[in-house]
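The values are calculated or read from the model by the stated rules, or taken from the named source; none is laboratory data. What you see is a predicted model; the values in this text were computed from it and never measured. Glycine also receives a Cβ, built like all others from the backbone with ideal geometry; neighbour counts cover every protein chain displayed.
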């Protein structure tokens, strides 16, 4: 849905939908964020969200872009994650919200598990979304727990997972190049 125009939900957003100026400001903020002009886009979106008169009528993508921008540029990852979660709660079918949640979670290793979950849930909504597949590749694929009948966070699974990683994920030893009198080669 990248680059699409803002669609305001019906019902509680009728005040915002009627006000063309606010709708244009929201669209401008989203367009600025999507094009990489985050500083101005965040100013537009944060003004709209802080305005009590229109907060309930904001499209979900405005919250998710504001959340990602706050996390990335103002180092407020927890607040950004909350806004992205709220965006998904409002409109779970918007894949941009899952993308922004995953990108926000990737900014802090503490939220890595939630980043995996956001990508997985987003792919349920849109299995062909290229950006979600790109994020999935960037995150890597998690191996299944060593003991699948125990939770991933179980102490025994964590210990065995660390051992499995140490045994099977060793880097290949670096080759040694020797150039001496009469002896050349890789060892």
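If you go through segment 70-83, how many residues are closer than 9 Å to residue 104 by Cβ and touching a helix residue (DSSP H, G or I) at 6+ places or on another chain (Cβ under 6 Å)?
6
Residues are listed down the side, and each one gets a yes or a no for (1) in contact with a strand residue (DSSP E or B) (Cβ under 9 Å, 6 or more places away or on another chain); (2) modelled with pLDDT under 90:
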site: 127; (1), (2): no, no
site: 132; (1), (2): no, no
site: 149; (1), (2): no, no
site: 165; (1), (2): no, yes
site: 168; (1), (2): no, yes
site: 173; (1), (2): no, yes
site: 186; (1), (2): yes, yes
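Sub-7 Å Cβ pairs linking a first residue in segment 34-50 that is touching a residue at least 60 places away in the same chain (Cβ under 8 Å) to a second residue that is surrounded by 13 or more Cβ atoms within 10 Å (Cβ to Cβ), at least 6 apart or interchain, number zero.
The set of residues from segment 93-111 being more than 12 Å from residue 61 (Cβ to Cβ) and in contact with a helix residue (DSSP H, G or I) (Cβ under 7 Å, 6 or more places away or on another chain) comprises 102, 103, 104, 105, 106, 107, 108, 111. Per the conditions (1) surrounded by 13 or more Cβ atoms within 10 Å (Cβ to Cβ); (2) at pLDDT 80 or above; (3) over 24 Å from residue 85 (Cβ atoms), the sole criterion not satisfied by residue 15 is (2).
Residue-wise test of (1) surrounded by fewer than 20 Cβ atoms within 10 Å (Cβ to Cβ); (2) at pLDDT 95 or above; (3) outside the structural domain of residue 138 (by TED's automatic domain parsing); (4) outside any helix (DSSP H, G or I).
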| residue | (1), (2), (3), (4) |
| --- | --- |
| 21 | yes, no, no, no |
| 27 | yes, no, no, no |
| 30 | no, no, no, no |
| 47 | yes, no, no, no |
| 73 | yes, no, no, no |
| 81 | no, yes, no, no |
| 92 | yes, no, no, yes |
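Taken as a whole, the structure places residue 121 among residues that are touching a helix residue (DSSP H, G or I) at 6+ places or on another chain (Cβ under 9 Å), in the same structural domain as residue 28 (by TED's automatic domain parsing), surrounded by 17 or more Cβ atoms within 10 Å (Cβ to Cβ) and closer than 28 Å to residue 160 by Cβ.
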